[in-house]
Amino acid sequence: MNFWWFLLLSIIKIAVVLVILLTAVAYTVLLERKVVGRIQNRWGPSRVGPFGLLQPLADGLKLFLKEDLLPTAVYKPLYILAPVIALACALTSIAVVPFGADIKFKGVDLFQIANVNIGLLVILAVTSVGVYGIALSGWSSNNKYSLLGALRSSAQLVSYELALGLSLVGVVLRAGSLNLRTIVDVQATHGALSWNIFGGFQIVAFFVYLTAAYAETNRTPFDLPEAESELTAGYHTEYSSMKFAMFFMSEYANMITVSCVATLLFLGGWSSPFGHLFPSFGPVIDAILPVFWFVAKVFFFLFVYIWVRGTLPRFRYDQLMGFGWKVLLPVAIANIVVTSLWLGFTRPL
Amino acid sequence: MVPVSYYLILSAILFSIGVGAFLIKRNIITIFMSIELMLNAVNLSFVAFANYWNQINHQFSGQIFVFFVMVVAAAEAAVGLAIIIALFRTRKTLNVDQVDLMKL
Amino acid sequence: MHLVLFFIFGGFCVAGALNLLLQRHPINSALSLIVVMTSLAVLYLLLGAEFLAAVQVIVYSGAIMVLFTFVIMLLNAQREERTHGSRAAYILGFPGAAALFALLTFIFISNGKSLGFAVLGPDMVSTSQLSSVLFRDLLLPFEVTSVLILIAILGAVALARHHEPHKDESKTQGKER
């Protein structure tokens, strides 16, 4: 593997993934407004461009041209640093996600920025650092609503991270590896039947993961840090213009990352639901088809996110904490025990 | 290629800064943080020694030590911060100089 | 390459630690400590401890320091003021720390030749190697630490909960700004 080829291809990959991710963020916002609109029996954005397709551009332009207010009472260094941390962590975690089959060009993976042995842990680590963006924004704003939002958010993230991490242990036990490619390869043998959610009997872990991930990304029904009926806008009350847009983008980028991880761990990543049922369609189609499956599955999860938001009411804060510690955590631990017993009996060492 | 001793010297620097911060800081939370800094410095030296032994005879017990230190540090942080909250509730201060009576 | 990375992240470590020492507001100290811990994770990677690098970020930067910032925010800690007690610490603290540093550095430099070199790549300790030592040879200590964690959780809950009803006002006072 030539070093310069590696550098060049890596930079190209990073640029392409970043552009696609940011476009996906913009259009997830549009999708959300459209779907929630349909759920509430209205049209959603429909004026800008055909079917409202240019609405994200208009929104971005509006936020970009707004005046960037800096309230006098804020603690300036942290106030400016907080949205940067939030967005940087949200965008970094996509780096270890494999989007397609293991196809190499000059010794460099085409569909993954970095193939790391501990990929799953890297995603957990980067998202766990992202909480500082929220905590610091609330503290530095010098506003009681922001502070309450930030306190709620950090307590919620720390509590639900346990259930989130434990729900992934079953999958890791089954694959015997923390490498995301290996985890997908284990599920790719018999199509949809060997996916962790069906053939791996990880359906309990799947629902624990999904619930905990909704709490981690501060989405309904766990969006207490920004509950508008109690806290105006929560931790980003004092933010305006591009700084606000950075928080907004980081929330949706986190949603996309969570959907990618759910796809990789429970729905077989880029593997086809039909397994090896159909013959090969030639090298080019074989390279593109996995990416299509991956995107379709991620899109499904994003749709579920929006569907849940349009359907469920918000939890009360004590209910949220009680649910995390008294329901999700024991269920995740029970899942680990059952999975390891089952693996111990069926797969002797 | 970096000499292992560089890592050990870095760990010594961090440990000494931790000791200094522990001695001159007056806020109990910051004092607690300098203890964490010292633990981290020691962890670095453990990992450096693990690298050295791993090259010689494939022993990496140093990394296991770090694992246990992290577990204990997590437990210590939970209890320590609970103590700080209880202290603040009764004394209304975080300054260690004002916490010098054993009665309320 | 290895040397450059070492100096960059070692520099971050030292700068963060010095900032912890010099800042007077606890939240700034906490943030500089996060910088130190995250750079240490990179140094662990350079030393071939990939699992520990990830765990360092998850446990230290992602859990312990979040608790610290949470407590700082909850108690609304202000800038610390200098008092009489700190004078003695200034006189004793710096020479003591400097003497300790000089001693350790002298030992490491004088034995530097025999310690060899850290090379990037071949000495990576994989997660499965680490876990086989942890769960076979050291199973008992591992189980004991889990009991320790349980006791710590119970202790933290017992310490931080309210005992008397009239203590409620002290909780709201902490959040006041």
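The values are calculated or read from the model by the stated rules, or taken from the named source; none is laboratory data. Predicted, not measured: the structure shown is a model, and the values here were computed from it. A quick note on method: Cβ atoms are made from the backbone with ideal geometry, for glycine too, and the neighbour counts reach across all protein chains shown.
Here the condition is being surrounded by fewer than 22 Cβ atoms within 10 Å (Cβ to Cβ) and among the hydrophobic types (A, V, I, L, M, F, W, C); of B:A82, B:A21, it holds for B:A82 alone.
Give B:K92, B:K103 a once-over and let me know the one that is within 15 Å of C:N76 (Cα to Cα) and of a type in the set (K, R).
Just one listed residue meets the conditions, B:K92.
If you go through region C:106-133 and keep only what is touching a residue at least 40 places away in the same chain (Cβ under 8 Å) and part of a helix (DSSP H, G or I), you end up with C:T127, C:L130. Put simply, of A:A192, A:A253, A:A245 the only residue that is closer than 30 Å to C:V71 by Cβ, assigned to a helix (DSSP H, G or I) and either of a type in the set (A, V, I, L, M, F, W, C) or out of contact with any Leu (no Cβ under 9 Å at 6 or more places or on another chain) (or both) is A:A253.
Identify, please: which residue in region B:15-31 is of a type outside the set (A, V, I, L, M) and touching a residue at least 60 places away in the same chain (Cβ under 8 Å) and is, among those, farthest from C:S29 (Cα to Cα)? Of everything passing the filter in region B:15-31, B:R26 is farthest from C:S29 (Cα to Cα).
Within region B:1-16, if we keep just the residues that are closer than 14 Å to C:L18 by Cα and in contact with a Leu (Cβ under 6 Å, 6 or more places away or on another chain), the residue that is farthest from the other protein chains (Cβ to nearest Cβ) turns out to be B:S11.
Determine if region A:133-143 includes at least one residue that is within 26 Å of C:V55 (Cβ to Cβ), of a type in the set (A, V, I, L, M), at the interface with chain C (Cβ under 8 Å from one of its Cβ atoms) and in a loop (DSSP other than H, G, I, E, B). The answer is no, given that none of the residues of region A:133-143 is within 26 Å of C:V55 (Cβ to Cβ), of a type in the set (A, V, I, L, M), at the interface with chain C (Cβ under 8 Å from one of its Cβ atoms) and in a loop (DSSP other than H, G, I, E, B). Among the residues of region A:74-88, some residue qualifies, meaning at least one is among the small types (G, A, S) and within 19 Å of the chain's Cα centre (by Cα). When B:I31 is tested against the conditions (1) at the interface with chain C (Cβ under 7 Å from one of its Cβ atoms); (2) closer than 20 Å to C:A156 by Cβ; (3) under 14 Å from the mean Cα position of the chain (by Cα), the lone failure is (1).
Just to verify a result, which residue in region A:313-349, among those that are among the small types (G, A, S) and buried (at least 16 other Cβ atoms within 10 Å of the Cβ), is nearest to A:T220 (Cα to Cα)?
Checked region A:313-349; the qualifying residue nearest to A:T220 (Cα to Cα) is A:G324.
Contact map, region A:320-349: first residue closer than 15 Å to A:L168 by Cα, second residue assigned to a helix (DSSP H, G or I) and among the aromatic types (F, W, Y), Cβ cut-off under 9 Å, separation 6 or more or different chains; pairs are A:L328/A:Y160; A:V331/A:F207; A:A332/A:Y209. Against the condition among the β-branched types (V, I, T) and under 29 Å from A:N142 (Cβ atoms), how does C:V14 come out, does it pass? So C:V14 fails the test. Taken over region A:62-71, residues that are under 25 Å from the mean Cα position of the chain (by Cα) and either part of a loop (DSSP other than H, G, I, E, B) or under 15 Å from A:T23 (Cβ atoms) (or both) amount to 0. Please work out which one of (1) under 23 Å from A:R181 (Cβ atoms); (2) surrounded by fewer than 18 Cβ atoms within 10 Å (Cβ to Cβ); (3) polar (S, T, N, Q) is the condition A:S93 fails and give its number. For A:S93, the exception is condition (2). Of everything in region B:32-45, what is more than 19 Å from C:I27 (Cα to Cα) and surrounded by fewer than 22 Cβ atoms within 10 Å (Cβ to Cβ)? Give them in sequence order. Selection gives B:L39, B:V42. Within region C:140-149, the set of residues being more than 9 Å from chain B (Cβ to nearest Cβ) and farther than 16 Å from B:F65 by Cβ comprises C:E143, C:V147. The residue of region B:76-93 that is nearest to the chain's Cα centre (by Cα), among those that are facing chain C (nearest Cβ under 9 Å) and charged (D, E, K, R), is B:E76.
The lone criterion from (1) facing another protein chain (nearest Cβ under 7 Å); (2) modelled with pLDDT of 85 or more; (3) crowded, with 23+ Cβ neighbours inside 10 Å left unmet by B:N54 is number (2). What do you reckon, is B:I29 surrounded by 23 or more Cβ atoms within 10 Å (Cβ to Cβ), part of a helix (DSSP H, G or I) and either modelled with pLDDT of 85 or more or among the basic types (K, R) (or both)? Considered against the rule, which asks whether it is surrounded by 23 or more Cβ atoms within 10 Å (Cβ to Cβ), part of a helix (DSSP H, G or I) and either modelled with pLDDT of 85 or more or among the basic types (K, R) (or both), B:I29 comes out as yes. Looking at this structure, is C:L74 within 12 Å of chain A (Cβ to nearest Cβ), in a helix (DSSP H, G or I) and of a type in the set (A, V, I, L, M)? In short, yes. Considering only region A:149-159, I want to know if a residue exists there that is more than 7 Å from chain C (Cβ to nearest Cβ), closer than 30 Å to A:V337 by Cα, in a helix (DSSP H, G or I) and charged (D, E, K, R). No, there is no match, as no residue in region A:149-159 is more than 7 Å from chain C (Cβ to nearest Cβ), closer than 30 Å to A:V337 by Cα, in a helix (DSSP H, G or I) and charged (D, E, K, R). When residues in region A:96-107 are screened for being surrounded by fewer than 14 Cβ atoms within 10 Å (Cβ to Cβ) and either at pLDDT 85 or above or touching a Ser or Thr at 6+ places or on another chain (Cβ under 8 Å) (or both), 0 of them pass. Restricting attention to region B:60-75, and to residues there that are in contact (Cβ under 8 Å) with a residue 12 or more places away in the chain and more than 7 Å from chain C (Cβ to nearest Cβ), which single residue is farthest from C:S131 (Cα to Cα)? Looking at residues that are in contact (Cβ under 8 Å) with a residue 12 or more places away in the chain and more than 7 Å from chain C (Cβ to nearest Cβ), I get B:V69. Filtered by the rule that a residue be within 19 Å of A:L193 (Cβ to Cβ), free of Cβ contacts under 8 Å to residues at least 60 places away in the same chain and not aromatic (F, W, Y), region A:290-311 gives A:A296, A:K297.
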